[in-house]
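Colleague: Okay, here's the structure, questions in a sec.
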Amino acid sequence: MAPKVKGSTKSISLSEPILGKAEKEALCAVIDSNWLTMGDRVTEFERAFAELHESFDAVAVSSCTAGLHLCLQALGVGPGDEVLVPSLTFVATANSVLYAGASPVFVDIERERMPHIALEDAKAKCSPKTKAVIVMHYGGYLVDIPSWRSFADEHGLLLIEDAAHAPAVGEVGRHSDASAFSFFANKNMSTAEGGMVLARDKSVLERVRRMRSHGMTTGTLDRHRGHAYSYDVTALGYNYRMDELRAAVGTVQLQHVTEWNRRRRELALQYREKLAAALPETDIPFMEEHRTASHLMPILLPVTADREKVMAELREAGIQTSIHYPPIHRFSYYLRKVPGVVLPETEKFSDRELSLPLHPSLTERDINRVVESLRKAVRGNK
């Protein structure tokens, strides 16, 4: 939710879903059908998502977190295994490893201007227990998947993509063993809650499909239509299903995500140009030409800036900002679970990072206002 601001000035949200008549009609059609979960609309959404990502199929789930958990379990990651993960990500990336019974091993980022999980640090932290690595496309900026594929193959590891920030861009999901996407309310396309899983092996994706619904061999719709009369449970499963309402919205959103990604990139370029002119003491991660879905607009404040004060002043001006991310290894739970972790580059980045508003509904006037308000907040109204 955007901060409240005095007067008639419009508040500028950090993120904002685009929802309209088509989504409303899709929801009404589900209600009129009287079939609310795991039906034809889920299947339609899965097939459309798979086609967009040039995959043979996809499995819709209740969240990206659920998707990551299922990826790990379907690939055979479990107790006694270690999984290399970034600490600069949402906590679900590491939590999913614990859900599978394995141990997360935190890996530093490359550097402040390239906040992706670092290949050299990953190599240093490989052990005989290492079973997999999860790479995360921070802010929608694509990780060098060919390099990570080579690393995984060389060390006999599974490669999993946390693609929460990167739908419909580049070759995301095509070269890893499995990948998980997010449709949370603040993502590039949204179903409010929800996620999707891709895998390059059909048997892995079939295990994901079965485990998302209690390990059952048939679904309610199959039995309703007389295609089956009972079911078996062949594995420990979960209630990670997607309902028809979310799938209907997702199918509509999917038709626009490529264009929305393009608009996000345009806005990110505007930010880069205007910040370079108005506030050159800020740094912007990644090179301008880096391939991206532009999910986030991260900047690095000057080392001398008081970030909390800057955020408070922007909020007073009606501009919402955030931090992506507090490092997972600094959270109290993980300090107890995995003590003694030091990641110098991750910590430097996180201490300076500030995420500015970025979504397709923004205008150039909005960008100008954000940049000018940020300049005043950083320089003390000079």
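Colleague: Give me a count of the residues in region 227-250 that are buried (at least 20 other Cβ atoms within 10 Å of the Cβ) and either aromatic (Phe, Trp, Tyr) or closer than 30 Å to Ala305 by Cβ (or both).
Modeller: 1
Colleague: Shifting gears a bit: When you go through Ser103, Ser150, Ser87, Ser63 one by one, which is the residue that is touching a Gly at 6+ places or on another chain (Cβ under 6 Å) and small (Gly, Ala, Ser)?
Modeller: Answer to the check: Ser63.
Colleague: Still on this structure, please answer the following. Considering only residues of region 79-99 that are open to solvent by 10 Å² or more (accessible area, probe 1.4 Å) and farther than 16 Å from Gly139 by Cα, which is nearest to the chain's Cα centre (by Cα)?
Modeller: Looking at residues that are open to solvent by 10 Å² or more (accessible area, probe 1.4 Å) and farther than 16 Å from Gly139 by Cα, I get Asn95.
Colleague: For Lys202, which of the numbered conditions (1) modelled with pLDDT of 95 or more; (2) buried (at least 17 other Cβ atoms within 10 Å of the Cβ) fails to hold?
Modeller: (2)
Colleague: May I pose another question? Looking at region 184-191, can you tell me whether even one residue there is open to solvent by 10 Å² or more (accessible area, probe 1.4 Å), assigned to a strand (DSSP E or B) and among the aromatic types (Phe, Trp, Tyr)?
Modeller: Within region 184-191 (the criterion being open to solvent by 10 Å² or more (accessible area, probe 1.4 Å), assigned to a strand (DSSP E or B) and among the aromatic types (Phe, Trp, Tyr)), the answer is yes, since at least one residue qualifies.
Colleague: Continuing with the same structure: Just one of Glu259, Glu281 is closer than 16 Å to Ile18 by Cα, among the acidic types (Asp, Glu) and either modelled with pLDDT of 95 or more or under 18 Å from the mean Cα position of the chain (by Cα) (or both); which is it?
Modeller: Glu259
Colleague: Can you confirm whether region 222-234 contains a residue that is more than 23 Å from Ala100 (Cα to Cα), part of a helix (DSSP H, G or I) and either touching a residue at least 40 places away in the same chain (Cβ under 8 Å) or not charged (D, E, K, R) (or both)?
Modeller: Taking every residue of region 222-234 in turn, at least one turns out to be more than 23 Å from Ala100 (Cα to Cα), part of a helix (DSSP H, G or I) and either touching a residue at least 40 places away in the same chain (Cβ under 8 Å) or not charged (D, E, K, R) (or both).
Colleague: Here's something else I'd like to know. On the given criteria, is Glu353 crowded, with 20+ Cβ neighbours inside 10 Å and among the acidic types (Asp, Glu)?
Modeller: Criteria met by Glu353.
Colleague: May I ask you to verify whether Asn34 is open to solvent by 30 Å² or more (accessible area, probe 1.4 Å) and within 18 Å of the chain's Cα centre (by Cα)?
Modeller: no
Colleague: Condition (residue is in a loop (DSSP other than H, G, I, E, B), open to solvent by 30 Å² or more (accessible area, probe 1.4 Å), closer than 24 Å to Ile117 by Cβ and among the β-branched types (Val, Ile, Thr)) applied to region 322-340: is it met by at least one residue?
Modeller: Scanning region 322-340, I find at least one residue that is in a loop (DSSP other than H, G, I, E, B), open to solvent by 30 Å² or more (accessible area, probe 1.4 Å), closer than 24 Å to Ile117 by Cβ and among the β-branched types (Val, Ile, Thr), so the answer is yes.
Colleague: Please go through region 29-52 and give me each residue that is out of contact with any helix residue (DSSP H, G or I) (no Cβ under 6 Å at 6 or more places or on another chain), of a type in the set (A, V, I, L, M) and farther than 15 Å from Arg209 by Cβ, ordered by number.
Modeller: Hits for region 29-52 are Ala29, Ile31, Leu52.
Colleague: Report every pair of residues separated by at least 6 positions or lying on different chains whose Cβ atoms are under 6 Å apart, first residue within region 270-281 and in contact (Cβ under 8 Å) with a residue 40 or more places away in the chain and closer than 11 Å to Leu356 by Cβ, second open to solvent by less than 70 Å² (accessible area, probe 1.4 Å) and outside any helix (DSSP H, G or I).
Modeller: Tyr271/Met297; Leu275/Thr282
Colleague: Filter region 288-315 down to residues that are more than 16 Å from Asp351 (Cβ to Cβ) and free of Cβ contacts under 8 Å to residues at least 40 places away in the same chain and give me whichever is most open to solvent (accessible area, probe 1.4 Å).
Modeller: Glu289
Colleague: What are the residue pairs meeting all of these: first residue in region 172-192, first residue β-branched (Val, Ile, Thr), second residue open to solvent by 40 Å² or more (accessible area, probe 1.4 Å), Cβ atoms under 6 Å, and 6 or more apart or on different chains?
Modeller: Note: pairs meeting the criteria are Thr191/Arg246.
Colleague: What number of residues in region 251-278 are within 30 Å of Val42 (Cβ to Cβ), touching a helix residue (DSSP H, G or I) at 6+ places or on another chain (Cβ under 6 Å) and either open to solvent by 30 Å² or more (accessible area, probe 1.4 Å) or of a type outside the set (A, V, I, L, M, F, W, C) (or both)?
Modeller: Count: 1.
Colleague: Against the conditions (1) in a helix (DSSP H, G or I); (2) farther than 17 Å from Ile117 by Cβ; (3) open to solvent by less than 60 Å² (accessible area, probe 1.4 Å), where does Leu358 fall short? Just the number, please.
Modeller: Status for Leu358: all satisfied but (1).
The values are calculated or read from the model by the stated rules, or taken from the named source; none is laboratory data. Just so we're clear, the structure is a prediction, and the values are computed from it rather than from any experiment. When we count neighbours, we look across all protein chains shown, and the Cβ atoms used for this are built from the backbone with ideal geometry, even at glycine. SASA here: full protein model, heavy atoms, side chains in, ligands and nucleic acids out. Shrake-Rupley method; radii C 1.70, N 1.55, O 1.52, S 1.80 Å.
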